[in-house]
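Engineer: Could you have a look at this structure, given as structure tokens, before my questions?
The values are calculated or read from the model by the stated rules, or taken from the named source; none is laboratory data. Keep in mind that this is a model prediction, so the values were computed, not measured. Surface areas here come from the heavy atoms of the whole protein model, side chains and all, with no ligands, DNA or RNA. Shrake-Rupley method; radii C 1.70, N 1.55, O 1.52, S 1.80 Å.
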Amino acid sequence: MEIIKHQTDAKFVDALKSLIDGVHAPYRNNIRVGNILYEELQLFFNGERNAEETAKVIQNKVSLYLNETK
């Protein structure tokens, strides 16, 4: 696994905290959710997407996945 160093801004950290705080399901080690995070955060760390858009995409994809698996 490649480690990508990137200075995060306060807006991204706040968005990520908000995303985490908004999770209402009990924690499960879920490979699909982990893959979504990995894929989308790589775009952010590569500078291809800003923090706000990354958080929105992650929220949408994870919400869709969780709703489909209920």
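Engineer: As a test of reading the structure, rank Ser63, Ser18 by solvent-accessible area (1.4 Å probe, protein chains only), most first.
Structural biologist: Values: Ser63 40, Ser18 75 Å².
Highest to lowest solvent-accessible surface, that is Ser18, Ser63.
Engineer: Could you give the length gained by full extension between Ala10 and Tyr65, i.e. 0.36 nm per residue of separation minus their alpha carbon distance, to one decimal place?
Structural biologist: Gain on stretching Ala10 to Tyr65: 17.0 nm.
Engineer: Same structure again: Accessible surface of Ile20 in the full protein assembly, 1.4 angstrom probe, to the nearest 10 Å²?
Structural biologist: Counting only protein heavy atoms, the figure is 110 Å².
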